[in-house]
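Nothing in this text is a laboratory measurement; each read-out follows from the coordinates by a stated rule. As the structure is a prediction and not an experimental result, all values here were calculated from the model. Cβ atoms come from the backbone with ideal geometry, glycine included; neighbour counts cover every protein chain shown.
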Number of protein chains: 2
Amino acid sequence: MNSLRIDSDRFQHDFEALARIGSTAQGGVHRPALSENHLAARRWFRERIAADGLEFRQDPAGNHSAVLPCPHAQAPTLLLGSHLDSVPNGGRFDGALGVLAAYEVLRTIRDAGIRLPFHLEAIDFTDEEGTLVGLLGSRALAGNLPPSELAHPRGGRAALLEGLHRAGLQESEIPRAARPPDSLAGFLELHIEQGPRLLEAGADIGIVTGMVGIGSFLLTFTGRADHAGTTPMHARRDAGLGAAEMIVQSSLAMRSFSDEVINFGHIHFSPGAFNIVPHRAQLTLEYRSPTQAGMDALKSTLTELAHASARKHKLELEIDEQGCVQPTRCSPGIQQAFRQACKRLGLKAVPLPSGAGHDTQALAQVCPAGMIFIPSTGGSHNPEEFAAWPACVNGANVLLHAVLEFANDFAGG
Amino acid sequence: MNSLRIDSDRFQHDFEALARIGSTAQGGVHRPALSENHLAARRWFRERIAADGLEFRQDPAGNHSAVLPCPHAQAPTLLLGSHLDSVPNGGRFDGALGVLAAYEVLRTIRDAGIRLPFHLEAIDFTDEEGTLVGLLGSRALAGNLPPSELAHPRGGRAALLEGLHRAGLQESEIPRAARPPDSLAGFLELHIEQGPRLLEAGADIGIVTGMVGIGSFLLTFTGRADHAGTTPMHARRDAGLGAAEMIVQSSLAMRSFSDEVINFGHIHFSPGAFNIVPHRAQLTLEYRSPTQAGMDALKSTLTELAHASARKHKLELEIDEQGCVQPTRCSPGIQQAFRQACKRLGLKAVPLPSGAGHDTQALAQVCPAGMIFIPSTGGSHNPEEFAAWPACVNGANVLLHAVLEFANDFAGG
């Protein structure tokens, strides 16, 4: 059993086939959640599962799985997986590698004829990236998707309804994707690091200790639309200037934070003409911290700065909170299983927090959950993100042996 | 002659009748150039001229005039006027007041039996606002409308052709609207200020010294799209932050300028997602100055600031110039005639530059041209723009007496 390994060629062949779906000229993929490209990737996965003679499962949140059932029908399920959707013009590794590694582990265990004390399921979660809602599939499965987020999704209501319709899903049925917590043995995820720390540390595997909390706001500054030629600078109420001030001041304020990050990803000025002072500026703001204290401090600092920018430029300000994810700790038992697997495989592992949200975060609310990172370059959410193939294979083998470790502990416990 | 005044009631009655044509629920008017509403306003003007027993004239650019001929057929023409078109959902005063003041002055002079040494013509210029081309009628009359602007009009080629067709005009005939410069004695325009300076100065009349030059840029900052959770703040190349820094720094730099203004009217971040650091930020920048020295100083200050913002945030920068209009000086003789008229009427006049472009700018290329502003509130290019009626009457009386002054100088000169 200790010498069992995943099939690198089969894994790579599938990875490359999948990367062609929604591929971009820059070498990445464009598969926003429930877009035509994303649905094509999901069809490919479904057909792959059928061709391999495995059981396919789809739930009312659109999550797609391959299932390796255990003879005991009442046994719980160990989930492995990630997501096939991407950010707009994203990279090939983010999410997709985790789904295929999970699937490869499942095939390896099936082919080896290993009998596990739980059902094993390799799952592709819907809309992890948040083009529509964010962690839609994993939170629905965890029974933890507030109806308010479907009513006011961060990508807009129209986009959500359009996506659900395109995928043949019913909004009213989504809550039925929730699984009883005692039916879940745990969740394991493999993901690229999307940051420089593993390479800097010379490590093969990062064992994730926890995930940052993520909050987001839509800020709307409102002033007055004036003729940009006849209105002196001092007499304006320029909403665009208020928004720009907010970006610059927030960037300066972040010097007082170490583990926290923010982002202003989208901005819009109305009416948007060369010669009219913008009367409205809308700005999206996302903030992250690994601790609840950091989340609270960031939130109060940023809302104070937004109010100060509005006051300074005589603007009105509306702050709409767009949902918030609490910081999450990974299961110590699963971290231990990953450590044991790395040891067995002779790989150097380091513990580290995740700056990104992942499906693991949603599952950690209802069952033991944990994840590993493999080293990657080129940042993330862009076509340059890259992981060397041997690193991908290492990660999949760690996932495989962590499942076997987990099964031992499960049987023993 | 010194006691001659325009007929306030007749002027107001016409102003209110005209304001009903294309009126909006917000209290403004919607009369984009050569739209049905605009053509209805022009028909009203033509019928008014006919009803008053005055001579009507239309030229191949669609300019409409009432003419009070002088006995000497070879005498040149003094033009008075403005425009009846509006921006979409504009106000009632911008342009329309100037046409009706011109027309009221012409009627007053006719009724008083005054003989002038030139033909007097109250003119409505086509498409001042630029829904189609911008200063179409006045530049055609001045023989200064480049064919390239008809070939690539800012409102689009289809809209231009549709508008000309609707008005019964032929594109190929437009150049025939050009008048020989020596047939033009001068041009006088009355307009609302569209800004707060006259009210702040407690003045009745603004005598325009010149019209600002207008330059515009499209600025493109390019950095790197990173994951907003996994990339530390210091490791980013955030194009949005560079653009925001440019807006804030430019606003601070404008404190060193007095008669100059700038505007950032439009902005776009790519890819535009909550959780991706923007790799590209595009920004439109318009700058205006009444002097060429001011234009040059602004241009160099702003381009330096853009480069500094790019350097500070490790971004690339592209600056595309989007066209430039040179500053125009108003005729000193006409400014003097306006000053004399204000003195005679006991009105407080202040000199000031115009921050907006006007038909006067086109006429100033070929004949002595000048304009006055009357105090207005509510900014401009919106339904709230407003001028108190006594201020409108003051303006029309200044226009009347400036014509009489100009006639004296003309006869004497």
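With the alpha-carbon atoms as the only input, what is the per residue convex hull volume for the stretch B:44-131 in Å³?
Details: hull volume 8.3 nm³, N = 88.
In the stretch B:44-131, the Cα convex hull volume per residue is 95 Å³.
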Legend entry - Ranked packing of A:176-182, B:369-375, A:333-339, most packed first, by mean Cβ within 10 Å: B:369-375, A:333-339, A:176-182
Inset, instruction - Over the whole of B:185-198, what's the average partner chain Cβ count within 10 Å per residue? Rounded to a whole number, please. - result: 2
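Net charge near A:G143: determine it from the other residues with C-beta under 13 Å of the C-beta of A:G143, scoring Lys and Arg +1 and Asp and Glu -1.
Details: positive: A:R139, A:R176, A:R179; negative: A:D59, A:D182.
That sum, taken over residues with Cβ under 13 Å, equals +1.
A:D409 to A:E16: extension gain in nm, 0.36 nm per residue of separation minus the Cα-Cα distance?
Working: separation 393, 0.36 × 393 = 141.48 nm, distance 3.48 nm.
That pair, A:D409 and A:E16, stretches by 138.0 nm at full extension.
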Legend entry - Most positive-pole-ward Cα, A:P153, A:V105, B:L399, against dipole of the protein assembly as shown from beta carbon charges: B:L399
Inset, instruction - Rank A:I123, A:G28, A:G240 by how far each Cα sits towards the positive end of the charge dipole of chain A (+1 on Lys, Arg Cβ; -1 on Asp, Glu Cβ) and give me just the farthest. - result: A:G240
Inset, instruction - Return the single residue from A:F93, A:F274, A:F125 with maximal mean-square fluctuation; model: Gaussian network over chain A, springs between Cα atoms under 10 Å. - result: A:F274
Legend entry - 10 Å Cβ neighbours from other chains, averaged over peptide A:247-260: 3
Legend entry - Cross-link reach list, aspartates and glutamates versus B:K314, counting only Cα pairs under 18 Å and skipping chain neighbours closer than eight places: B:D226, B:D238, B:E245, B:E304
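If neighbour count is taken as other Cβ atoms inside 10 Å, put A:S86, A:S148 in order from fewest to most. Walk me through the intermediate numbers first.
On the way: A:S86 29, A:S148 9.
By the 10 Å Cβ count, ascending, the order reads A:S148, A:S86.
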Legend entry - Charge dipole (debye, nearest 20) of chain A; +1 at Cβ of Lys and Arg, -1 at Cβ of Asp and Glu: 280 debye
Legend entry - Distance (nanometres) between label positions extended 7 Å along Cα→Cβ at A:I114 and B:A75: 10.6 nm
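From the convex hull of the Cα coordinates of the stretch B:312-413, what is the mean projected area in square nanometres? Display every interim value, and only then the final one.
Numbers: hull surface 42.5 nm².
Taking the Cα atoms of the stretch B:312-413, their convex hull projects to 10.6 nm² on average.
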Inset, instruction - Would you order A:H152, A:H279, A:H38, B:H358 from fewest to most other beta-carbon atoms within 10 Å of each residue's own beta-carbon? - result: A:H152, A:H279, B:H358, A:H38
Inset, instruction - May I ask you to list the residues of the stretch A:376-400 whose amide nitrogen lies under 20 Å from a point 7 Å from Cα along the Cα→beta-carbon direction of A:A201? - result: A:376-380, A:386-388, A:390-400
Inset, instruction - Based on a Kirkwood Rh over C-alpha pairs, give the Stokes-Einstein translational diffusion coefficient of the stretch B:213-325 at 25 °C and viscosity 0.890 mPa s in µm²/s. - result: 170 µm²/s
Inset, instruction - State the Cα centre-to-centre distance between the stretch A:275-303 and the stretch A:238-256 in whole Å. - result: 9 Å
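List A:T108, B:T231 from most exposed to least, where exposure is judged by having the fewest other Cβ atoms within 10 Å.
The fewest-first ordering by Cβ neighbours comes to A:T108, B:T231.
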Legend entry - For chain A, built as a Gaussian network whose Cα springs stay under 10 Å, the top-fluctuating residue of A:T24, A:T284, A:T230: A:T230
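What is the antiparallel percent of DSSP beta bridges lying wholly in chain A, to the nearest 5?
Details: 42 of 64 bridges.
Restricted to chain A, the bridges split so that about 65 percent are antiparallel.
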Legend entry - Per-residue [θ]222 nm for chain A (sum of -39500 (n - 2.57) over DSSP H runs n ≥ 4, rounded to 500): -11500 deg cm²/dmol
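Expressed in nm to one decimal, what extension gain is obtained for the pair B:A297 and B:Q170 from 0.36 nm per residue of sequence separation less their Cα-Cα distance? Walk me through the intermediate numbers first.
Details: separation 127, 0.36 × 127 = 45.72 nm, distance 4.23 nm.
So the chain would gain 41.5 nm between B:A297 and B:Q170.
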Legend entry - Computed magnitude of the charge dipole of the stretch A:199-304 (debye, nearest 20; Cβ of K, R +1, Cβ of D, E -1): 520 debye
Inset, instruction - Output the DSSP H helices from chain B with an along-axis C-alpha extent of no less than 24 Å and a mean Kyte-Doolittle hydropathy no less than -1.0. - result: B:292-312, B:389-412
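If you wrap a convex hull around the alpha carbons of the protein assembly as shown, what volume per residue comes out, as a whole number of Å³? Spell out each step's value before the answer.
Details: hull volume 133.4 nm³, N = 826.
Measuring per residue, one finds 161 Å³ for the Cα hull of the protein assembly as shown.
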Inset, instruction - Would you mind giving the three semi-axes, in whole Å and largest first, of the ellipsoid equivalent to chain B according to its Cα gyration tensor? - result: 43, 23, 20
Legend entry - Mean Cα-pair separation over length for chain A, i.e. relative contact order, pairs under 8 Å, 6 or more apart, %: 22 percent
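For a test of the definition: using alpha carbon positions, the gyration tensor, and the 1.5 limit on a/c, classify the stretch A:118-256 as rounded, prolate or oblate.
Values: a/c = 3.30, a/b = 1.55, b/c = 2.13.
Here the stretch A:118-256 falls in the oblate category.
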